[in-house]
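The values are calculated or read from the model by the stated rules, or taken from the named source; none is laboratory data. This one's a predicted model, so the numbers in the text were calculated from it and none came from an experiment. Cβ placement follows ideal geometry from the backbone for every residue including glycine, while neighbour counts extend to all protein chains displayed. Just so you know, the surface numbers come from the protein's heavy atoms only, side chains and all, with ligands and any DNA or RNA stripped out. Shrake-Rupley method; radii C 1.70, N 1.55, O 1.52, S 1.80 Å.
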Amino acid sequence: MSTKTPNQKAWWLVLPVVVLVAFNAVLPLMTVVNYSVQETFGENVFFFEGVKWFEQILHSKRFHESLQRQLLYTAIVLAIEVPLGVAIALAMPRRGPWVSVCLVLMAMPLLIPWNVVGAMWNIIALPDIGLLGRTLNAMGIEYNFTRQPFAAWSTLIAMDVWHWTSLVVLLAYAGLSAIPDAYYQAAKIDGASRWAVFKFIQLPKMRRVLTIAILLRFMDSFMIYTEAIVVTGGGPGNSTTLLSIDLVKIALGQFDLGPAAAMSLIYFLIILLLSWVFYTVMTRDEAN
Amino acid sequence: MARVRLANLRHSYRPQPQNDADWAVKRLDLEWANGSANALLGPSGCGKTTLLNIISGLLRPTEGAVQFDQRDVTALPPDERNIAQVFQFPVVYDTMTVYENLAFPLRNRHMAPGAVDRRVREIASLLDLGPMLEQRAAGLTADGKQKISLGRGLVREDVNVIMFDEPLTVIDPHLKWRLRGKLKELHQRVGTTMIYVTHDQTEALTFADQVIVMNEGTVVQAGTPVELFERPRHTFVGHFIGSPGMNVLPATFVDGVARFAGHPVALASMPKPPASAKRLELGVRPEFVHFDTDGIPVKVVRVRDGGRYRIVETECDAVTIRLLVGEGQQLPRNTAHLRFDPQFTQLYADGWIAS
């Protein structure tokens, strides 16, 4: 054991970070906590309400519906983007001049601002003048995302897949590139099939990066706001009103700060809980 | 089991090799006898791994053919050549148990479950993997994992040849000794043709009956460990094998007498160096240099302890000559005379033996 006198001065080095985090995370969060237990009137008059707003939100049909829509949306997005991303990464060249071309093409959608992505897809999907919308209608498929819930959902999911599959591709590709050639050579000599190579070499070696990819895609898609509000605005009706859209409606549309704050906290806890579940399940095998 | 032959082969990693330096393996013709234990020895980058990958089929040679017995296998992929290879770094299938790892090559070839089980347990006990058969392979130490790799290489009985690519690099020194002995013992038991690639002379000389020394893409010498030691065909072999390496001294050869710094040096056989030779050298291993009452006059410069013997560094005409002196033997001070064993002293012309 060392008998050194601990030097406490190092704490001062951490101070700037503590201040920064306090201002951009802790203080806003505490403000929300503060709102969530009070009734707000004009001119900054507050009444303490305890857990009333939490009870109200948890029992509200509207919240249940938004949450269900959100869970369905995220589930569909993950179910498409993760396998598709892995498949594209597997198909990409491992070396040669095409590697950088592929990587740049893949990274492109990730570099476009979210509201621009929304605007692009809004325009391309317009049934009367948009390339996609017009083509579909010309082919005899009735398509109008401002009137049909199914069309609205399809458009949102297609947009999300277009925008974010690249992230999974890049992470999976990084994982694949880290596999030494000897593994493939050994598999060849062992007489392994293509499927066995994927199952026993590529997938296990991609595990860590896929964990990160799934977590990021889960969190981001669960919090999606900008793209969806630009394309559908939550409609038609409430059919694409996802959790974040609903939250903004309550907070800024109706100015119900108390219920909105309570809902934010519940929303936050759901994300935290699900992320933890994902992480634990996916890293479970590594521990033993 | 098979006789392995590389016929008139050379290989380049460039699509259009222009000059000599573009060839990773220069033209060679090699043959390994059926059931022999062989080593390919050479420094990093000498082309030994390239040669190994050509035999296993991971690489296709630019020119020439690979033959197993009479069959030309040059165009066959690795899985159709029926060979086994153990790599430098452990390759294990992380999600499988040790047992499944060992069974993998057999199951891929649709062997009956009972036979698989028997064979896996046999190999496991050979490598002391028995107690961990049901463990996940991912949790093992580096040498445990390498033992699995070795096991997967050895588990198939009918292979033509087993190749080892510096397999003991990641193994702890004390285990290296045991595994080296194990491999040797294993070869005697299974009798498969084995080729062992390494840059470690001890590994090569203990494992193999026949050692091929490579340097810069060419075969410098092929022979038994004793031949490599007593009669290196090239000064490179003299340097590379032995610790310390062979003394290489600038020499002249006039009227049938070899001289070093003006002093005549006796040779067992009459050398015939080519007239065109630019550089003549005498090579003699430290083991075959002795102190004597007369001979080459030298100055004793330094004495190092080498365990059971001492390495004495002497100097004559600013050229260092090393010799080994046994423990307890009297060492001369300052000046002395050296005598070389004529039988183990060779003349080299431009690096190649001329004796």
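Scanning region B:76-129 for residues that are open to solvent by less than 60 Å² (accessible area, probe 1.4 Å) and among the aromatic types (F, W, Y), we see that the one that is farthest from the other protein chains (Cβ to nearest Cβ) is B:Y99. Give region B:199-230 a look and list any residue that's farther than 19 Å from B:G35 by Cα and out of contact with any Phe, Trp or Tyr (no Cβ under 8 Å at 6 or more places or on another chain), or say none. Of everything in region B:199-230, those that are farther than 19 Å from B:G35 by Cα and out of contact with any Phe, Trp or Tyr (no Cβ under 8 Å at 6 or more places or on another chain) turn out to be B:H199, B:D200, B:T202, B:M214, B:E216, B:T218, B:V219, B:Q221, B:V226, B:E227, B:L228, B:F229. Picking from residues in region B:290-308 that are open to solvent by 30 Å² or more (accessible area, probe 1.4 Å) and of a type in the set (A, V, I, L, M), the one that is nearest to the chain's Cα centre (by Cα) is B:V303. Check region B:170-186 and report whether any residue there is closer than 17 Å to B:V4 by Cα and in contact (Cβ under 8 Å) with a residue 24 or more places away in the chain. Checked against the condition, which is being closer than 17 Å to B:V4 by Cα and in contact (Cβ under 8 Å) with a residue 24 or more places away in the chain, region B:170-186 yields no hits at all.
Residues are listed down the side, and each one gets a yes or a no for (1) within 14 Å of another protein chain (Cβ to nearest Cβ); (2) open to solvent by less than 60 Å² (accessible area, probe 1.4 Å):
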position	(1), (2)
A:N144	no, yes
A:W164	no, yes
A:S177	no, no
A:D181	yes, no
A:Y184	yes, yes
A:R194	yes, no
A:Q202	yes, yes
A:V209	no, yes
A:I224	no, yes
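Going through region A:59-78 one residue at a time, which ones are among the charged types (D, E, K, R) and not in a helix (DSSP H, G or I)? Outline the logic, then answer.
Residues of region A:59-78 that are among the charged types (D, E, K, R), as a first pass: A:61-62, A:65, A:69.
Residues satisfying the conditions do not exist here.
Within region B:8-22, can you find the residues that are at pLDDT 85 or above and either under 14 Å from B:F68 (Cβ atoms) or surrounded by 13 or more Cβ atoms within 10 Å (Cβ to Cβ) (or both)? Within region B:8-22, B:L9, B:R10, B:H11, B:S12 meet the criteria. When region B:138-148 is examined, which residues are found to be within 13 Å of chain A (Cβ to nearest Cβ), in contact (Cβ under 8 Å) with a residue 24 or more places away in the chain and open to solvent by 10 Å² or more (accessible area, probe 1.4 Å)? Within region B:138-148, B:A138, B:K145 qualify.
Checked against (1) in contact with a strand residue (DSSP E or B) (Cβ under 6 Å, 6 or more places away or on another chain); (2) buried (at least 20 other Cβ atoms within 10 Å of the Cβ); (3) modelled with pLDDT of 90 or more, B:E287 passes all but a single condition, namely (2). Here region B:207-242 is the region considered, the condition is being under 28 Å from B:D172 (Cα atoms) and aromatic (F, W, Y), and the residue that is surrounded by the fewest Cβ atoms within 10 Å (Cβ to Cβ) is B:F229.
For region A:245-288, filtered to residues that are within 14 Å of chain B (Cβ to nearest Cβ) and open to solvent by less than 60 Å² (accessible area, probe 1.4 Å), the residue that is modelled with the lowest pLDDT is A:D285.
For region B:181-206, enumerate the residues that are open to solvent by less than 20 Å² (accessible area, probe 1.4 Å) and under 9 Å from the mean Cα position of the chain (by Cα). B:Y196, B:V197, B:T198, B:E203, B:A204, listed by residue number.
May I ask you to list the residues in region B:303-322 that are acidic (D, E) and part of a strand (DSSP E or B)? So that I can check it myself, show each step before the final result.
So in region B:303-322, the residues acidic (D, E) come out as B:305, B:313, B:315, B:317.
Listed by number, the residues that qualify are B:D305, B:E313, B:E315.
Here A:V169 meets each of (1) in contact with a Pro (Cβ under 6 Å, 6 or more places away or on another chain); (2) away from chain B (no Cβ under 11 Å); (3) surrounded by 22 or more Cβ atoms within 10 Å (Cβ to Cβ) with one exception, condition (1).
Name the residues in region B:157-180 that are surrounded by 22 or more Cβ atoms within 10 Å (Cβ to Cβ) and either in a loop (DSSP other than H, G, I, E, B) or small (G, A, S) (or both), would you? Within region B:157-180, B:V159, B:P167, B:L168 meet the criteria. Apart from one condition, A:I80 fits all of (1) in contact with a helix residue (DSSP H, G or I) (Cβ under 8 Å, 6 or more places away or on another chain); (2) open to solvent by less than 40 Å² (accessible area, probe 1.4 Å); (3) β-branched (V, I, T); the exception is (2). Looking across B:V86, B:V73, one residue alone is free of Cβ contacts under 8 Å to residues at least 24 places away in the same chain and aliphatic (A, V, I, L, M). It is B:V73.
Of all residues in region B:239-264, those that are closer than 12 Å to B:P286 by Cα have Cβ atoms under 7 Å from Cβ atoms of residues that are open to solvent by 50 Å² or more (accessible area, probe 1.4 Å) and part of a strand (DSSP E or B), 6 or more apart or on another chain, in B:P244/B:R322; B:N247/B:R322.
Residue-by-condition table, conditions (1) assigned to a strand (DSSP E or B); (2) surrounded by fewer than 16 Cβ atoms within 10 Å (Cβ to Cβ); (3) away from chain A (no Cβ under 14 Å):
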site: B:A2; (1), (2), (3): no, no, yes
site: B:S44; (1), (2), (3): no, yes, yes
site: B:L59; (1), (2), (3): no, no, no
site: B:G64; (1), (2), (3): yes, no, yes
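Listed here are the residues, each with its yes/no results for (1) among the hydrophobic types (A, V, I, L, M, F, W, C); (2) in contact (Cβ under 8 Å) with a residue 12 or more places away in the chain.
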| position | (1), (2) |
| --- | --- |
| A:F150 | yes, no |
| A:L156 | yes, yes |
| A:V168 | yes, yes |
| A:Y173 | no, yes |
| A:A178 | yes, yes |
| A:K199 | no, no |
| A:R207 | no, yes |
